[in-house]
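The values are calculated or read from the model by the stated rules, or taken from the named source; none is laboratory data. The structure presented is a predicted model; accordingly, all values stated were derived computationally and were not measured. Note that each Cβ is placed from the backbone with ideal geometry, even for glycine, and that neighbours are counted across all protein chains shown.
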Amino acid sequence: MRIADCGLRIGVAAAVWTLGATSGTAQSLAQRVAGAPDGAVRFAFAARPGVTGDGHRTIRWSCEDGDCGRQLDEGSSRAPCDTGPVRVTLTVRGGTVRAAHVAVGAQRRADGTDLGRVPSAEAAPYLLALARAAPDRVGREAVFAAALADSVSVWPDLLALARDPAIARETRRAAVFWVGQAAEQAATRGLAELVDRSDTDREVQEAAVFALSQRPADEGVPTLIRVARTHRDPEVRRRAMFWLGQSGDPRVLAFFEELLAGP
(Lines give C-alpha, C1' and ligand atoms only; values in the text may rest on other atoms or scores of the structure.)
Protein backbone atom coordinates (compact mmCIF):
# COMPACT_ATOMS: atom_id res chain seq x y z
CA MET A 1 0.00 0.00 0.00
CA ARG A 2 1.51 3.35 -1.04
CA ILE A 3 -0.04 6.46 0.48
CA ALA A 4 0.67 9.86 -1.06
CA ASP A 5 -0.37 13.34 -0.02
CA CYS A 6 -3.48 13.17 -2.15
CA GLY A 7 -4.53 9.61 -1.69
CA LEU A 8 -4.07 5.88 -1.66
CA ARG A 9 -3.15 3.65 -4.58
CA ILE A 10 -4.19 0.02 -4.40
CA GLY A 11 -3.14 -2.37 -7.16
CA VAL A 12 -5.39 -5.29 -8.08
CA ALA A 13 -3.85 -8.59 -9.18
CA ALA A 14 -4.82 -12.24 -9.22
CA ALA A 15 -5.19 -13.98 -5.88
CA VAL A 16 -7.13 -17.01 -4.70
CA TRP A 17 -9.65 -17.55 -1.93
CA THR A 18 -12.17 -20.36 -1.64
CA LEU A 19 -15.53 -19.07 -0.46
CA GLY A 20 -16.65 -20.46 2.88
CA ALA A 21 -19.79 -20.12 4.92
CA THR A 22 -20.45 -16.82 6.64
CA SER A 23 -23.06 -15.93 9.20
CA GLY A 24 -26.10 -13.69 9.25
CA THR A 25 -27.21 -11.72 6.22
CA ALA A 26 -23.85 -12.13 4.44
CA GLN A 27 -24.58 -15.85 3.94
CA SER A 28 -27.01 -15.27 1.09
CA LEU A 29 -24.59 -13.01 -0.76
CA ALA A 30 -21.76 -15.54 -0.31
CA GLN A 31 -23.99 -18.26 -1.72
CA ARG A 32 -24.96 -16.11 -4.69
CA VAL A 33 -21.32 -15.34 -5.49
CA ALA A 34 -20.21 -18.96 -5.06
CA GLY A 35 -23.06 -20.19 -7.24
CA ALA A 36 -22.45 -17.75 -10.10
CA PRO A 37 -20.99 -18.93 -13.42
CA ASP A 38 -17.25 -18.50 -13.90
CA GLY A 39 -16.21 -14.98 -14.83
CA ALA A 40 -16.99 -11.54 -13.49
CA VAL A 41 -19.52 -11.33 -10.66
CA ARG A 42 -20.70 -7.84 -9.80
CA PHE A 43 -22.75 -6.28 -7.02
CA ALA A 44 -23.29 -2.73 -5.79
CA PHE A 45 -24.29 -0.99 -2.57
CA ALA A 46 -24.74 2.53 -1.22
CA ALA A 47 -21.62 4.57 -0.51
CA ARG A 48 -21.26 6.47 2.73
CA PRO A 49 -21.46 10.29 2.59
CA GLY A 50 -18.38 11.99 1.21
CA VAL A 51 -17.45 9.13 -1.15
CA THR A 52 -17.43 9.83 -4.89
CA GLY A 53 -16.01 8.18 -8.01
CA ASP A 54 -15.98 8.10 -11.79
CA GLY A 55 -17.12 4.47 -12.07
CA HIS A 56 -13.69 3.37 -13.18
CA ARG A 57 -10.28 4.27 -11.70
CA THR A 58 -10.90 7.29 -9.49
CA ILE A 59 -12.38 7.12 -5.98
CA ARG A 60 -12.41 10.00 -3.51
CA TRP A 61 -13.53 10.10 0.11
CA SER A 62 -13.81 12.57 2.98
CA CYS A 63 -15.38 14.95 0.45
CA GLU A 64 -17.25 18.06 1.54
CA ASP A 65 -18.22 21.13 -0.53
CA GLY A 66 -16.15 19.89 -3.46
CA ASP A 67 -12.97 19.26 -1.45
CA CYS A 68 -11.78 15.71 -0.80
CA GLY A 69 -9.34 14.71 1.88
CA ARG A 70 -8.20 11.47 0.23
CA GLN A 71 -8.38 9.76 -3.11
CA LEU A 72 -7.38 6.69 -5.05
CA ASP A 73 -6.65 8.22 -8.42
CA GLU A 74 -5.31 6.01 -11.19
CA GLY A 75 -6.94 8.16 -13.84
CA SER A 76 -7.44 11.87 -14.29
CA SER A 77 -7.75 13.95 -11.12
CA ARG A 78 -10.39 15.94 -13.03
CA ALA A 79 -12.55 12.91 -13.79
CA PRO A 80 -16.28 13.46 -13.16
CA CYS A 81 -17.40 11.89 -9.90
CA ASP A 82 -20.73 10.40 -8.77
CA THR A 83 -21.76 9.95 -5.15
CA GLY A 84 -22.21 6.19 -5.55
CA PRO A 85 -22.89 3.40 -5.54
CA VAL A 86 -19.87 1.33 -4.56
CA ARG A 87 -19.40 -1.35 -7.22
CA VAL A 88 -17.46 -4.54 -6.51
CA THR A 89 -16.37 -6.84 -9.33
CA LEU A 90 -15.06 -10.27 -8.37
CA THR A 91 -13.37 -12.69 -10.75
CA VAL A 92 -14.72 -16.13 -9.84
CA ARG A 93 -13.59 -19.55 -11.02
CA GLY A 94 -15.32 -22.64 -9.64
CA GLY A 95 -16.75 -20.74 -6.68
CA THR A 96 -13.32 -19.26 -5.88
CA VAL A 97 -12.61 -15.51 -5.88
CA ARG A 98 -9.38 -14.94 -7.78
CA ALA A 99 -9.35 -11.14 -8.03
CA ALA A 100 -11.34 -8.14 -6.87
CA HIS A 101 -11.86 -4.60 -8.09
CA VAL A 102 -13.65 -1.68 -6.43
CA ALA A 103 -15.19 1.33 -8.19
CA VAL A 104 -17.62 4.07 -7.24
CA GLY A 105 -20.10 5.67 -9.60
CA ALA A 106 -21.87 4.88 -12.84
CA GLN A 107 -21.35 1.40 -14.24
CA ARG A 108 -18.77 1.22 -17.02
CA ARG A 109 -19.01 -2.47 -17.95
CA ALA A 110 -21.91 -4.90 -18.08
CA ASP A 111 -20.26 -8.27 -18.73
CA GLY A 112 -20.52 -11.24 -16.39
CA THR A 113 -23.10 -11.88 -13.70
CA ASP A 114 -24.77 -8.86 -12.11
CA LEU A 115 -26.19 -9.54 -8.64
CA GLY A 116 -27.62 -6.02 -8.56
CA ARG A 117 -27.89 -3.69 -5.59
CA VAL A 118 -27.58 -5.23 -2.15
CA PRO A 119 -28.00 -3.57 1.26
CA SER A 120 -24.81 -2.14 2.74
CA ALA A 121 -25.59 -4.10 5.90
CA GLU A 122 -25.34 -7.29 3.81
CA ALA A 123 -22.38 -6.30 1.64
CA ALA A 124 -20.05 -5.15 4.42
CA PRO A 125 -20.12 -8.40 6.48
CA TYR A 126 -19.59 -10.43 3.32
CA LEU A 127 -16.59 -8.31 2.31
CA LEU A 128 -15.10 -8.49 5.80
CA ALA A 129 -15.48 -12.29 5.77
CA LEU A 130 -13.77 -12.34 2.38
CA ALA A 131 -10.95 -10.17 3.73
CA ARG A 132 -10.47 -12.45 6.73
CA ALA A 133 -9.68 -15.52 4.64
CA ALA A 134 -8.31 -14.00 1.43
CA PRO A 135 -4.67 -13.49 0.41
CA ASP A 136 -3.23 -9.99 0.35
CA ARG A 137 -4.67 -8.30 -2.73
CA VAL A 138 -8.19 -9.69 -2.65
CA GLY A 139 -8.33 -9.01 1.09
CA ARG A 140 -7.04 -5.47 0.65
CA GLU A 141 -9.71 -4.66 -1.93
CA ALA A 142 -12.42 -6.25 0.24
CA VAL A 143 -11.38 -4.06 3.19
CA PHE A 144 -11.41 -0.99 0.92
CA ALA A 145 -14.94 -1.73 -0.31
CA ALA A 146 -16.29 -2.47 3.17
CA ALA A 147 -14.87 0.82 4.47
CA LEU A 148 -16.89 2.73 1.86
CA ALA A 149 -20.25 1.18 2.84
CA ASP A 150 -23.02 3.51 3.99
CA SER A 151 -24.62 3.30 7.45
CA VAL A 152 -22.30 0.50 8.64
CA SER A 153 -19.68 0.94 11.36
CA VAL A 154 -16.88 -1.40 10.29
CA TRP A 155 -13.96 -0.10 12.32
CA PRO A 156 -14.36 -2.60 15.23
CA ASP A 157 -14.19 -5.44 12.70
CA LEU A 158 -11.21 -3.80 11.00
CA LEU A 159 -9.40 -3.62 14.33
CA ALA A 160 -10.09 -7.32 14.81
CA LEU A 161 -8.59 -8.01 11.37
CA ALA A 162 -5.54 -5.89 12.15
CA ARG A 163 -4.93 -7.74 15.41
CA ASP A 164 -5.11 -11.25 13.96
CA PRO A 165 -1.64 -12.53 12.94
CA ALA A 166 -3.24 -15.32 10.89
CA ILE A 167 -4.59 -12.78 8.37
CA ALA A 168 -2.54 -11.69 5.34
CA ARG A 169 -0.24 -8.80 6.22
CA GLU A 170 -1.37 -6.41 3.46
CA THR A 171 -4.98 -6.99 4.49
CA ARG A 172 -4.07 -6.12 8.08
CA ARG A 173 -2.24 -2.97 7.00
CA ALA A 174 -5.22 -1.89 4.90
CA ALA A 175 -7.47 -2.48 7.90
CA VAL A 176 -5.25 -0.25 10.04
CA PHE A 177 -5.35 2.50 7.40
CA TRP A 178 -9.14 2.48 7.24
CA VAL A 179 -9.48 2.50 11.02
CA GLY A 180 -7.40 5.67 10.87
CA GLN A 181 -9.92 7.15 8.44
CA ALA A 182 -12.86 6.41 10.73
CA ALA A 183 -14.55 9.37 12.41
CA GLU A 184 -15.13 7.80 15.80
CA GLN A 185 -12.76 8.78 18.60
CA ALA A 186 -12.92 5.18 19.77
CA ALA A 187 -10.92 4.24 16.69
CA THR A 188 -7.97 6.21 18.04
CA ARG A 189 -8.13 4.30 21.30
CA GLY A 190 -8.11 1.06 19.35
CA LEU A 191 -5.14 2.13 17.27
CA ALA A 192 -3.20 2.98 20.41
CA GLU A 193 -3.96 -0.47 21.80
CA LEU A 194 -2.79 -2.02 18.52
CA VAL A 195 0.55 -0.18 18.70
CA ASP A 196 1.02 -1.32 22.30
CA ARG A 197 0.25 -5.01 21.78
CA SER A 198 3.36 -7.18 22.11
CA ASP A 199 1.98 -9.76 19.65
CA THR A 200 1.57 -7.23 16.80
CA ASP A 201 4.35 -7.36 14.21
CA ARG A 202 6.37 -4.24 13.45
CA GLU A 203 4.89 -3.48 10.01
CA VAL A 204 1.35 -3.46 11.39
CA GLN A 205 2.46 -1.32 14.36
CA GLU A 206 4.07 1.14 11.94
CA ALA A 207 0.86 1.24 9.89
CA ALA A 208 -1.04 2.00 13.11
CA VAL A 209 1.41 4.81 13.88
CA PHE A 210 0.73 6.29 10.44
CA ALA A 211 -3.02 5.95 10.95
CA LEU A 212 -2.71 7.82 14.24
CA SER A 213 -0.90 10.60 12.38
CA GLN A 214 -4.00 11.00 10.16
CA ARG A 215 -6.36 11.48 13.09
CA PRO A 216 -7.31 14.95 14.39
CA ALA A 217 -4.43 16.43 16.37
CA ASP A 218 -6.19 16.31 19.73
CA GLU A 219 -6.63 12.55 19.28
CA GLY A 220 -3.46 11.48 17.51
CA VAL A 221 -0.67 13.75 18.77
CA PRO A 222 -0.77 12.82 22.49
CA THR A 223 -0.74 9.13 21.61
CA LEU A 224 2.13 9.54 19.15
CA ILE A 225 4.12 11.45 21.78
CA ARG A 226 3.56 8.60 24.22
CA VAL A 227 4.65 6.05 21.59
CA ALA A 228 7.76 8.09 20.75
CA ARG A 229 8.62 8.40 24.43
CA THR A 230 7.98 4.87 25.69
CA HIS A 231 7.57 2.24 22.95
CA ARG A 232 9.91 -0.73 23.36
CA ASP A 233 10.79 -0.90 19.62
CA PRO A 234 13.18 1.88 18.52
CA GLU A 235 11.96 1.66 14.92
CA VAL A 236 8.35 2.24 15.97
CA ARG A 237 9.54 5.16 18.13
CA ARG A 238 11.39 6.56 15.12
CA ARG A 239 8.27 6.35 12.94
CA ALA A 240 6.23 8.11 15.62
CA MET A 241 8.88 10.85 15.78
CA PHE A 242 8.78 11.24 11.99
CA TRP A 243 5.01 11.71 11.87
CA LEU A 244 5.09 14.02 14.86
CA GLY A 245 7.59 16.13 12.95
CA GLN A 246 5.09 16.53 10.12
CA SER A 247 2.32 17.81 12.36
CA GLY A 248 3.52 21.31 13.27
CA ASP A 249 1.68 20.93 16.57
CA PRO A 250 3.13 23.11 19.38
CA ARG A 251 2.99 20.16 21.78
CA VAL A 252 5.36 18.34 19.46
CA LEU A 253 7.86 21.20 19.52
CA ALA A 254 7.76 21.15 23.31
CA PHE A 255 8.36 17.38 23.28
CA PHE A 256 11.28 17.72 20.88
CA GLU A 257 12.75 20.49 23.02
CA GLU A 258 12.49 18.21 26.05
CA LEU A 259 14.35 15.44 24.24
CA LEU A 260 17.07 17.74 22.98
CA ALA A 261 17.60 19.34 26.36
CA GLY A 262 18.29 15.93 27.86
CA PRO A 263 18.22 14.96 31.53
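Remarks
- Test: residue in segment 174-186 that is surrounded by fewer than 19 Cβ atoms within 10 Å (Cβ to Cβ), farther than 21 Å from Gln214 by Cα and either touching a His at 6+ places or on another chain (Cβ under 7 Å) or among the acidic types (Asp, Glu) (or both): no
- Among the residues making up segment 106-148, those that are in contact with a Ser or Thr (Cβ under 7 Å, 6 or more places away or on another chain) and either assigned by TED's automatic domain parsing to the domain that holds Arg169 or more than 17 Å from Ala160 (Cα to Cα) (or both) are Ser120, Ala121, Glu122.
- Criterion (modelled with pLDDT of 90 or more and in the same structural domain as Arg189 (by TED's automatic domain parsing)) met by exactly one of Ala217, Ala261, Ala208, Ala254: Ala208
- Selection of segment 217-239 for residues being under 20 Å from Val204 (Cα atoms) and either aliphatic (A, V, I, L, M) or under 22 Å from the mean Cα position of the chain (by Cα) (or both) yields Glu219, Gly220, Val221, Thr223, Leu224, Ile225, Val227, Ala228, Val236, Arg239.
- Residue that is hydrophobic (A, V, I, L, M, F, W, C), more than 19 Å from Arg172 (Cβ to Cβ) and within 26 Å of the chain's Cα centre (by Cα), where the choices are Phe256, Phe242, Phe210: Phe242
- Leading residue by the ranking (surrounded by the most Cβ atoms within 10 Å (Cβ to Cβ)) among those in segment 141-173 that are at pLDDT 95 or above and charged (D, E, K, R): Glu141
- Of the strands (runs of 3 or more DSSP E) lying entirely inside segment 1-113, those containing at least 3 residues that are modelled with pLDDT of 85 or more span 39-45, 58-64, 86-93, 96-104.
To keep it simple, each residue is scored yes or no on (1) over 19 Å from the mean Cα position of the chain (by Cα); (2) without any contact (Cβ under 8 Å) to a residue 40 or more places away in the chain.
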| position | (1), (2) |
| --- | --- |
| Arg93 | yes, no |
| His101 | no, no |
| Val143 | no, yes |
| Leu148 | no, no |
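- All positions within segment 154-174 that are small (Gly, Ala, Ser) and either assigned by TED's automatic domain parsing to the domain that holds Ala100 or under 10 Å from the mean Cα position of the chain (by Cα) (or both): Ala174
- Once segment 114-129 is narrowed to residues that are closer than 14 Å to Ala36 by Cβ and crowded, with 18+ Cβ neighbours inside 10 Å, the residue that is nearest to the chain's Cα centre (by Cα) is Tyr126.
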